[in-house]
Each structure stands twice: as structure tokens, then as C-alpha cells.
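Colleague: Below is the structure I would like to discuss, written out as C-alpha cells.
A short reminder: the numbers here are calculations on the coordinates, not readings from a lab. Predicted, not measured: the structure shown is a model, and the values here were computed from it. Don't worry about glycine lacking a Cβ; one is built from the backbone with ideal geometry, like all the others, and counts go over all protein chains shown.
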Amino acid sequence: MKKPALFRVFALFLVISSLHAFQSDELDEEFGLEGGNLQPQEQILDPVVPTRSTPTRGKYSDSDSDSKIQITLEQAFGDSDFFPAATFSARLKTWSHGAQTLTKLRFSRNSFTEVEKQKFQKLLEEDEFYRIRLPSNVLNPTGKDFVISSVRARCLPRDGLDEHFVIHTEGVNILAVNYGSPGACPYPRQLRFPAKWSFNSHTVLKNSEQAPRTPTFAEDVPGELGEGETVPPPERSFWAKYWMYLIPLGLIVMNAMTQAMNLPEEQATGQSGAQPAAAIQRGPSPAVRRR
Amino acid sequence: MAMAIRSFLIFLFILSLTVPTFSLHEDQVGLMDWHQKYIGKVKHAVFQTQKTGRKRVLVSTEENVIASLDLRHGEIFWRHVLGANDAIDGIDTAMTKYAITLSSGGSILRAWNLPDGQMVWECFLQGPSDSKSLLFVPTSSKVDKDNTILVFGKGSLHAVSSIHGEIVWKIDFPSESFEVQEVIQHHDGNTIYVVGFVGSSQFDVYQINAKNGELLKHNSATIDGGFSGEVSLVSTAKLVVLNAARSTLLTISFQRGEISFQKTYISDLVEDFSGMAVILPSKLTGLFAVKTSTATAFISVSSEGKLEVVDKIMHATFISNALSISEDQQAFALVWHSDNEIHLNVKQVHDWNSDLLKERIKLDQQRGLVHKGKVVWSREDGLASIIGVTTSELPVEKEGVSVAKVELNLFEWLKGHMLKVKGSLMLASAEDVAAIQGMRLKSSEKSKMIRDHNGFRKLLIVLTKSGKLFALHTGDGQIVWSLLLNSLRQTEACKNPTGINVFQWQVPHHHAMDENPSVLVVGRCGTGTDALGIFSYIDTYTGKELKYFGLDHSVAQVIPLPLTDSTEQRLHLLIDANGQAHLYPRAPEAVSIFQRELSNIYWYSVEADKGLIKGHGLKSNCAGEAADNYCFGTRELWSIVFPSESEKIISTVTRKSNEVVHTQAKVIADQDVMYKYISKNLLFVATVSPKASGDIGSATPGESQLVVYVVDTVSGRILHRMTHHGSQGPVHAVFSENWIVYHYFNLRAHRYEMTVIEIYDQSRADNKDVLKLVLGKHNLSSPISSYSRPEVTTKSQSYYFTHSIKAIAVTSTAKGITSRHLLIGTIGDQVLAMDKRFFDPRRSVNPTQSEKEEGILPLTDSLPIIPQSYVTHSLKVEGLRGIVTVPAKLESNTLVFTYGVDLFFTRLAPSRTYDSLTEDFSYALLLITIVALVVAIFVTWVLSEKKDLSDKWR
């Protein structure tokens, strides 16, 4: 059951990564909302092959109003302290009305050292929590406010270590980070060690979506469609329209037929057993007896 | 002939079927519902002493109610509930026909007509600053003379005409911080003295012309050593205050504006005095009371200013104001309590040794009137301030209904049914209708003390602010028992106990015959969350406190777990302020049950002031001094930080933990299936921009926005996030099944709006292929985990709603089959039931034929308010604060309990009673119909035989 889902996610992921500058709300928002004008609010980020090198700088410095910032992702094994594990680099875009947003997030993860590997294995054995955190205020991290997210370590291993970040931002603030495996992680969780000790990271940046506007109508609601646009009721089949007449008709026909069949019989047996038959068959065929 | 009879009988039968209800009929009021009126804990009372008319007492309460009560019977003549933020500062009567109230921190003065409670006038007072407020109505010998009412509020003194409520004059005192303590009328009635303090060391006396507000004289004097708050006025020209160290009494006399002091050490008056003293507030001529650490001393003041102790009482005492009992005699009462008794002592002001009345009353939180030594009436006004509600089943009937009882009433029963038949055939005369109505209302069936098949009869266990627990019968609202909890009583260790909530502790199913259910009351010793907790179990049948004890930790959160031990006691997890979890009941068995589920227990905490929501998991036993087997450490698993400059949490709502969902799938019009995303661990959070957190209108649409979130409380995932621009709170929300409905204000549209969010599970959406289902290739049976990445989709829609609302709830039924109604507590203190179908996000302007068949209503921009759907019909639940719904055993019915200052209970059938006959179904009519039918069959048979025979003879 898990495999197909995984494959699907992976296939989707391949498709997405093959498209350049993919901007869509398809992945998580397959249904548009009625009356709502949805803006593309999510960015699916290109995955970065996990390396220990920092991402190249200066690539995005095309505008003066934009600046680049780095966000450190910290990790903790179980109840241990947090220490740096990866960095997000993002572009800080300043809009004309003064608001600032984070865009073009890139992620680079340090792969596990031997010590970390051992710690993680211990987590897997104990079915403990692997925790990560990001500073909530990106521009001037106070070192106090962090958004934390955690997952049972056993949810991560597939072929490698598959992880999925959803970062909810509000302007330049990170509201929350949701961390977990990209697919399912049903209970009870099986102990399984990853084949490769490298991370497959997927990151989604999410902003708030606009609520659908309350519909406002003029006085007469049906008039909205206009004169020519009235939807004709779908044509129904003859049977669908007239079944209520057809069924009784059929019953009557059947009744008549059985009576016609019974008539010769009754005439044949009529002489010997007239009395009980009359008593029983009183209701339906008075016409027969009257004759 | 036979045809005629038959058609008549068929007509009869159809008639009998049409009787079941569509909405409530006039004669059904009071059948399933009851309503009780209360006023709350009394703050001030004014007795009317005039001799004519009905005796009444005017009271104002902590629930901001002003009421006039019958002094003989305790009934309410009239009452008015002022708004929640319109606290009453003082009441009095003027011109013997108006009741005067001062409220909202001394800024609103109102006059009410005494006989019927109509408002006569209202006056808004403005002043430079907030201050203590004081109402003074000068006494006048002439009834109809236009007196001025003196009000000190908002830092200035106002004189208001008592006839029209106009401000006659107003004085702003030169010193901003001048606090008026007393307003005294001079004997001639033309001059008034206003005495008060500036800061903590200056004493001021102003002499003012009562006619025009002219300042005649101003004297001030400085007291060395300062003074402390309380003041006792002992005569028209004499005050007693304490110095700042609270060890010396100062008698200040201000005869004709001249101020003079006199110092007396308390230690001279009271032996073995040490520490601090407090003057008890009182207004008695020549007498005041000082409370010291050991006793309360009553001290008389002679006209020369000599102090003398007349008596000492070893308990904390309250003193009433003086009440004139005859031309020149005044009486006052002393109340104190020791052990379990309240002592009441009525004395004459001038003669300490004359006890008019000496009484002991068993301690109970009733307000009553003692008349000649016996309680004349009492009112259970604690019920006006309910803080927690839970239900308990009634005892199971142990022996069958005695047959004799039924036989005895057989004739009555038949007679009753014949009357009902008459009623349904519209043959009943006016007296018969009255008799039927009386019979219905009296029906002893509904107030029986045993469990019924339909589960309509239950006990409502309510915890009130005063720490008294009540059991109300759902049938007629009678108080089955009431108990002033020992655990919530003030003791040395626990100075200020308050109740937090009441929970179901033990609900016996297996031993329902021989064990009584019990409830748990959790409280804390003080107002802060770090105060130590209190724990108490109460048997719900007997109303006895089984056990109580103080906890050695604080209580920040109480989590009833879905686990029970072998005696069916529910496990509860109490989270203290340090984030440690404590398990109750404290038994090894409970721990072993709990340990098994330890790793699957998560909880969350909301810190609204910091804009934080945190998720926590449990660790093994906690470290530290408090470590024992029942204490568990916790750790933070996730957190959401709302940026303080843009978002402020104003509302969080979860699903009811005991809610039942009947079906997970929803079949929509085109034979398609949508799977509801049903998780018990969802939290709805609403935030507004900090600027918009005030009242409506305090922020412009541009700077206010409302953001709503749906958060999974196990993993901390934000499943849905949506912004309403130009909207602001207050937000009232209800969460049920897979949907949330919330109410807020849209600043751009200048209207209230309600929005629905429905959450659907996409991961199960492919389970539509029949072939797959047959072959077992579906994931319907796979376990759901919060750690799996959820694939959810949401649908939402907003509608305008006319009312602002006070509370919102949803009906709940035993199996969750019956369609749900939203119960909306409107601003008019009524409860409106609205079908959930109005809040369907799939409503469209022109629903297709198939959608119409599914029951989707055409889209409208606002929600209709149908007057018939008011659950409370013509009644009002004054000061409505909460709506509680409890499922009955009968699936179609739900019990609704609404509380505020008043209580209201009713039974609802959101989809009508499809699974039972209505209570007033006439069995006799059915019986008669059957008998008549049988007779008719025989008659027609005989007739037909005869006809046949004659046919054959022809």
C-alpha cells in the first residue's frame, strides 16, 4: 500500500522538478474554492542535492530592493539540544508598498556525521522524536522564538531519508514549520533502517490564502444569468418521464392477462368447486361471478 | 354505507398522522422545556421603608442585574440585566418612586420606575478622569419635591435632577487626584459637604451650595503619617480613618468646615493588638467596627470624640447599614460565620445590649430573609453564575412498575385518552382543552427519579462560581440536591478557592445497578494558574462529597483521557504550570493502563498573550522533588509562533471529545463520494491583527484582518489557513465532524458574517472504484496516523448574518445520524436553531436537479432567520453565556441546556422524531380506529354476504 503512494509522489516530484519555475497550487490545492480568487500561493522548491557546500551566492542579486538571507535549520535527537543541521537561503523581496516577503527558498542539508548517524539509529530503535526548529523571526533572530516541529524517527526512512517541509510564512516571519515524511506513516511504525544515509528533501512555502468573498446578490437571483442563458432542464428519457404511468399500465395489463388465463380454468373447474372459489375470489372478480 | 365508514376512518387516520410537530405550537410550551429566572449574587440592597404599597427590596447583583423583589415571598417583580461591562456601582431610591442606578464606573445614571421597572430617564456623565464613583441621594421630607441626585464619578461631582435626569450643575475639583469619600447633607438641606482625600496625606472638605453648585468654602489639612483607604462616617461631621501603618485611629471632625484631628492608638482600646487593623465599611451613627488579626472590635464614638470599645467578636464579621424601625430608632445587623453556621444578630444602633434577633443558620449559599427567627424565603441565586456543566444518568429502576399503580389509574388513563381523542377530533370544549393542557404539564412521567428508555431524564450537574454544586432534573428543572463543596471553602491553607470545572469521574455501565456515578470538581486556591489545585469527588445520586483533598501542584489544564480503569473511573491528566503531567486517580492500576498508551498521548497549550501554540508529548516519570509514580514529564514537540505585530489569538475551538460521527463518507449529487476528514485532534484558531482586537469600529478595514487556521494538535501541521481581509472579531466558532462554522464582523460590508469550512480527505478519494473495493485494493481499512502527510481539501463559503451572537453550539445525538442544527445564542438572549444545510459550502445559485434532490439549498447571500426556529420561543435567557447539548438515548432527540443569569432547558428533534411516536400520540384513537375498522370489515362482510345471497336467489 505504501509503495504506490510513494511512487506517485516521486513521479509527481519528477514532473515538477522537470518544469522550470513551477508555480502552481496543484499539489496541495486541487480544488479551487467557489467564488474565491485564488492566487498562486505556494512555491514548490527545487530540491538541492544534499551536499556540505553552501549554495552559491550572488545568483539572485538582480535587484536592489532584494536582499538575501540565510536561515539556519537546527535539529535535535530526542530530548537533546538543538544544533545546526541545514540552511535555507531565501531572497527577501521588498514590495512597492513596503511589505516584505520571502521568496526563492533554497535548501542545503548537511548529511549526517557518524555520531549523528548513531544517534539517529538509536532514535529509530526507540521510536523517538526527531525534532527540528527554525527561528520565527528571520530578519533579526532573537534566539528565543523558534518554531518547532517533530516527527517520529521511524517515519523518515524509505530508500534514503525522505523529508518534507511545509513552511508557513507571514511576511518575513515564519509562523510554523510542518515537518514529516512525504507519504504515509501508519501506526504501528515498523523499525527500518535507510539504505542510504542521505536526505531527499522537499520544501513547500505556504502563504495564507484569501477567503472567498461573500456572494452579494441583487434582488432577483435568477435574473443574474441573463435572458438567453437560462439553462434548459436536461432532457430525460421517455421512461424517466412517464414511469409512474407505465408501471400501473403494465400491472393492469398483467392483471388482465392472468384473469384471461384464469377464465378458461375457472369455467372448467367451475362446476365442481364453485362455492369455495367464490368465497375466496370475492374481491377481484365480481364481474365473473355475476355472470 | 360501508364506503362512507371506510372513508371516514381513513380520514380519521390521516388526521391522526398530521398531529406530529413541525414547530412548537402554543399549547406545547412548557411540555419539554423549562425556564428559571435568577438574579445572581447581591452586591447592594435598598429596602423601601414607606408604609404603603407592597413591600419590596431593590437589589443589584454581581451579574449586573437590578431587580425588585417581593419582600414577603422573594419573587421577582421586575429586573433588568445591564450589559456585561456595565457594572453597577450604586443603587438608591429617589422621590420614593424611582430606583436610581449608577453604573459603568460612575458614567451612566439611570432612573427606573419602581412599580413596574420601566426606565424613566438615563443620563451620561463625563469627567476628566476615571475615579471611584459614589451615588448620594439626599433625603427629603416632601415626596414630590424635585431633589437633586449627587453623583461623584469620572473625577467630578454632578448634581442631577431626579425628575428629568438633567445635569443641574457640575463641579470639577481643582486637584485632579481628589477622591471623594463621603457626601454629607447639612441639616438645612441647602449646603452639602464633600469630604475626601488628595493623595494619601491631605484631607479636604468642600462646602457647596446644593442649589447651584457654588463652591462656598474649601478647607484642607495634612495628616502626618498619612492614612489608609477605609473611611467610616460616624456622624454628619465626623469621620474615622486609620493611619498608614494601620495602627492608629484618627477621628476627623469638620464642624462648619473647620478640620480637627484626634488620635487614638488601637492598642489602647484593644488589648493584645498587633499587626494591621481594618475598618469595616459601615454607616452607623456613633458606631464603627475595626477588624484586627484576632477579633472584630465595635467601637462607639461619643459626641466629644471619645472612643470606647463596646464589644468584641472573635470572627470575621459583616455589618449592615442601619434601617429605621420606628420614628427614632435604627437597627442594624451583624453577620458572621463560624464552623458550619451563619450567625445573624440584629441590634439597635444606640443600645448595643439590646438584641432584637439572634439567629443561627446552617451554612448554605442561599439568599434569604429571616423573619421573626425563621427563614421566610430563600432563592438559589448561585445558579445565575454557572461555570461548569456536566450530566449524569439517573438510577436504573430496580423493580418493575407496580401493576396496582397502573390499575388504579386505569380509569384516569382512559379518561385522559378520551380527552385527547376529543382534542384531536376538535370536539373538545374550552374546559376540555384546559384539562388536556393541565394534564400534559403535570405529567409526572417527566420528573420521575429513574432512568427512562429514551434517555430524556437526566441530572444536570452544574458548578457555580460560589463553589456550590447543584443537580437539576432535566424533566422540570427542580433542584434534586445542592451541595456547598467543603473543598471550595475558604481555609487557612486555601485563601481564595475557585472552581475550574466539573468532569465526569465515574460512569458505571457494568455495575449500573449497585454503583453510583460520580463527578469530579477541580478547583484552585486563588486566581492565578500557579495556585495549588483542589480535587473533589461527588456522588451524583446522593449529593455527598465522597472525598476531597488539596493537590501539591497547580492546575493549568485538565485533560479527561479516553481510558477507564476496572472500576470505570475515568483517567484524568492534570497539567501543572511547570508543564508536568499528573495522573489521577492515583492508583497503580491507572498507571499501568496509562503506561501502555504513554507514547500516544499528546496535548497542546495555547498562550494567547504571547501568540504561541505549543504541542507536547509525554516522557517517562518526571524528575525533581515532586517525583512520584503519577507524575510525568512533558516535552515540546511543535510550536506555532504568531508574529506579535500582525496577529493576536482571539479564539480557539476544538471538537467535543465525545462527539459521535455516523458516517465518514458523504455521497454527493453525481453519485460521487467525498470522504470527511475526521480527526479528533483538530484545533481551530482565529487571530486578528492587534489593532483590530478592540471593539468594532476601532480599526479601519485596511488595517484589520482575520486569519483562521486549522491545526492538527498531534503533529502541529497547519491543514488550512485563510485570511479574511477587512474583518475583525469577536469570533465565535463551533467545530463538529469535519466542519467549522464561525461568526465575525466584516468591516467592509458593515455586517456580521458566518463562514463555514468543510475539510475533506483526498487520500481516500480514489476509493471509488468498485472493482478495487471488491478486490480489496483500497485503503479504507488502513490505520490513519497524524504523522502521515494529510491530503486534505477544504471547501468554504461565507454568508451574512443579521445578529451579533453570544454563544454558538451544535446539537449532538447518540449515534450522529440525525442531521445537525446549529444553536446560536443571539444578542437578544434567545437561542436560534439553524439547519446545517444553510451552512453548506456547496450551495450554488442554481443547484442542478440532482443537487436539489440531495437537499442543497439555492445560494443566498445572507442566512434566513425564521422566527419559528427560535428554540426559546417567547422566553429570554437573560445574560446568556453558554449552550450545552447532550444526546438523549433516542437518536432523533437532543437535550439543550442554556445558561446565563437564567436557565433554560429544552429537548430538540432536529430531523423531527422519526424514530418514535410523539408523546401526545393518542393510543386510544389508534385503538378505536382499529376496532372500528374490524367492525366495519365484519359489517361489510355480512352486508356483502346478504347481497350475494340475494343475487343468487334472483
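Colleague: At R0 = 35 Å, how high is the FRET efficiency between A:GLN259 and B:LEU943 if r is their beta carbon distance? Nearest 0.05 is fine.
Modeller: Efficiency computed from Cβ-Cβ geometry: 0.90.
Colleague: What size of dipole, in debye to the nearest 20, comes out for region B:40-172 about its Cα centre when the only charges are +1 on Lys and Arg C-beta atoms and -1 on Asp and Glu C-beta atoms?
Modeller: 480
Colleague: May I pose another question? Which one of B:VAL310, B:GLY633, B:THR464 is farthest out on the positive end of the charge dipole of chain B, using unit charges on Cβ (Lys, Arg +1; Asp, Glu -1) and the Cα centre as origin?
Modeller: B:THR464
Colleague: Rounded, prolate or oblate for region B:25-129? Axes are the square roots of the Cα gyration tensor eigenvalues, ordered a ≥ b ≥ c, and the cut-off for rounded is a/c under 1.5.
Modeller: Here region B:25-129 falls in the oblate category.
Colleague: In the structure shown, do any of B:LYS446/B:LYS468; B:LYS306/B:LYS495; A:LYS68/B:LYS610 have a Cα-Cα gap over 31 Å, and if so which?
Modeller: The pairs that break the limit, which is 31 Å between Cα atoms, are B:LYS306/B:LYS495.
Colleague: Helix B:588-597 versus the longest principal axis of chain B: what is the Cα-based angle in degrees, 0 to 90, to the nearest 10?
Modeller: Around 60 degrees separate the two axes.
Colleague: Moving on to the next point. Going 7 Å from the Cα of B:SER378 in the Cα-to-Cβ direction, what parts of region B:472-501 have a backbone nitrogen less than 19 Å from that spot?
Modeller: Residues B:472-473, B:478-490 qualify, since their backbone N sits under 19 Å from the label point.
Colleague: Which cross-chain or sequence-distant (5 or more) residues have an amide H under 5 Å from the amide H of A:PHE165, H modelled 1.01 Å from N in plane?
Modeller: It is A:HIS202, A:THR203, A:VAL204, by chain and number.
Colleague: Please state the Cα pair-distance histogram of region B:539-666 with 10 angstrom bins from zero: what percent is in each bin?
Modeller: Per 10 Å bin, starting at zero, the Cα-Cα P(r) for region B:539-666 comes out as 10, 34, 32, 19, 5, 0 percent.
Colleague: Which ordering of B:THR793, B:THR222, A:THR94 is given by a fewest-first count of other beta-carbon atoms within 10 Å?
Modeller: Starting with the residue having the fewest Cβ neighbours, the order is B:THR222, A:THR94, B:THR793.
Colleague: Once the piece of chain linking B:LYS170 and B:ILE865 is laid out straight, how much longer is it, given 0.36 nm per residue of separation minus the C-alpha distance between them?
Modeller: 245.5 nm
Colleague: If you don't mind, there's one more thing I want to ask. Listed highest first by mean packing, meaning other Cβ atoms within 10 Å per residue, what order do B:386-397, B:807-818 come in?
Modeller: Descending packing order for the listed peptides: B:807-818, B:386-397.
Colleague: With +1 on each Lys and Arg Cβ and -1 on each Asp and Glu Cβ, how big is the dipole of region B:470-579 about its Cα centre, in debye rounded to the nearest 20?
Modeller: Value, rounded to 20: 280 debye.
Colleague: How far is the Cα center of region B:91-141 from the Cα center of region B:270-286, in Å?
Modeller: 31
Colleague: Now, a different point. When all alpha-carbon pairs of region B:115-271 are counted, what percent fall beyond 19 Å?
Modeller: For region B:115-271, the share of Cα pairs beyond 19 Å comes to 57 percent.
Colleague: Related question: How many nm is it between the label spots at B:ASP695 and B:GLN118, if each spot is 7 Å from the Cα in line with the beta carbon?
Modeller: Output for this residue pair reads 2.9 nm.
Colleague: May I ask you to derive the FRET efficiency for B:ASN496 and B:ASP86 from their Cβ-Cβ distance with R0 = 25 Å, giving the value to the nearest 0.05?
Modeller: 0.45
Colleague: Any idea what angle helix B:2-18 forms with the longest principal axis of chain B, computed on alpha-carbon atoms, 0 to 90 degrees, nearest 10?
Modeller: 40
Colleague: According to the Kirkwood expression over distinct Cα-Cα pairs, how big is the hydrodynamic radius of region B:885-939, in Å?
Modeller: It is 14.2 Å.
Colleague: What is the distance in Å between the Cα centroid of region B:152-228 and that of region B:825-852?
Modeller: 59
Colleague: Mind giving me the nanometre distance, one decimal, between the label points for A:MET244 and B:ARG72, set 7 Å out from Cα along Cα→Cβ?
Modeller: Computed distance between label sites A:MET244 and B:ARG72 equals 6.7 nm.
Colleague: Could you please rank B:LYS132, B:LYS648, placing first whichever residue has the fewest other Cβ atoms within 10 Å of its Cβ?
Modeller: B:LYS132, B:LYS648
Colleague: Around B:ILE192, with a cut-off of 12 angstrom between Cβ atoms, what is the net charge of the other residues, counting Lys and Arg +1 and Asp and Glu -1?
Modeller: For residues surrounding B:ILE192, the net value is -1.
Colleague: Tell me, what HN-Hα J-couplings in whole Hz come from the Karplus equation 6.51 cos²θ - 1.76 cosθ + 1.60 at θ = phi - 60° for each residue of region A:108-114, using x for Gly and Pro?
Modeller: 9, 10, 7, 6, 5, 7, 4
Colleague: Right, something else. Do any of A:LYS196/B:LYS680; B:LYS614/B:LYS656; A:LYS144/B:LYS614 go past 26 Å between their Cα atoms, and which?
Modeller: Violating the 26 Å Cα-Cα cut-off are A:LYS196/B:LYS680.
Colleague: Going down the table (B:LYS415/B:LYS876; B:LYS132/B:LYS170; B:LYS37/B:LYS448), which pairs top 25 Å between alpha carbons?
Modeller: Cα-Cα > 25 Å for B:LYS415/B:LYS876; rest within.
Colleague: Give me a single rounded figure for B:793-806: the average over its residues of other chain Cβ atoms within 10 Å of their Cβ.
Modeller: Partner Cβ neighbours, averaged per residue: 3.
Colleague: Next up: Do the sum for chain B: with -39,500 (n - 2.57) for every DSSP H run of n ≥ 4, divided by all residues, what is the mean residue ellipticity at 222 nm, to the nearest 500 deg cm²/dmol?
Modeller: About -3500 deg cm²/dmol.
Colleague: Something else: Using only C-alpha atoms and all pairs of different ones, pull out the Kirkwood radius for chain B in Å with one decimal.
Modeller: Hydrodynamic radius (Kirkwood, Cα pairs) of chain B is 33.2 Å.
Colleague: Sort A:SER149, B:SER944, B:SER302 so the one with the fewest other Cβ atoms within 10 Å of its own Cβ comes first.
Modeller: Going from sparsest to densest Cβ surroundings: B:SER302, B:SER944, A:SER149.
Colleague: May I ask for the angle, rounded to the nearest 10°, between helix B:923-953 and the longest principal axis of chain B, with both axes built from Cα atoms and the value confined to 0 to 90°?
Modeller: 20
Colleague: For all pairs of alpha-carbon atoms in region B:659-774, what percent lies in each bin of width 10 Å, listed from the first bin to the last filled one?
Modeller: In order of increasing distance, the bins hold 13, 36, 27, 17, 6, 1, 0 percent.
Colleague: Let me ask something else about it. Report the extension gain between B:GLN849 and B:VAL931 in nm, rounded to one decimal, defined as 0.36 nm multiplied by the number of residues separating them, less their alpha carbon distance.
Modeller: That pair, B:GLN849 and B:VAL931, stretches by 25.0 nm at full extension.
Colleague: As an exercise, use a Förster radius of 25 Å and the Cβ-Cβ distance of B:LEU917 and B:MET449 to find the FRET efficiency, rounded to the nearest 0.05.
Modeller: FRET efficiency, B:LEU917 to B:MET449: 0.55.
Colleague: Further question: Considering only B:THR101, B:VAL137, B:VAL151, whose Cα is most displaced toward the positive end of the charge dipole of region B:40-172, charges sitting on Cβ of Lys, Arg (+1) and Asp, Glu (-1)?
Modeller: Farthest towards the positive pole: B:VAL137.
Colleague: Tell me the chymotrypsin sites (Phe, Trp or Tyr not before Pro) within region B:844-946 that lie in a loop according to DSSP and have at most 13 other beta-carbon atoms within 10 Å.
Modeller: Here the sparse-neighbourhood loop sites are B:TYR914.
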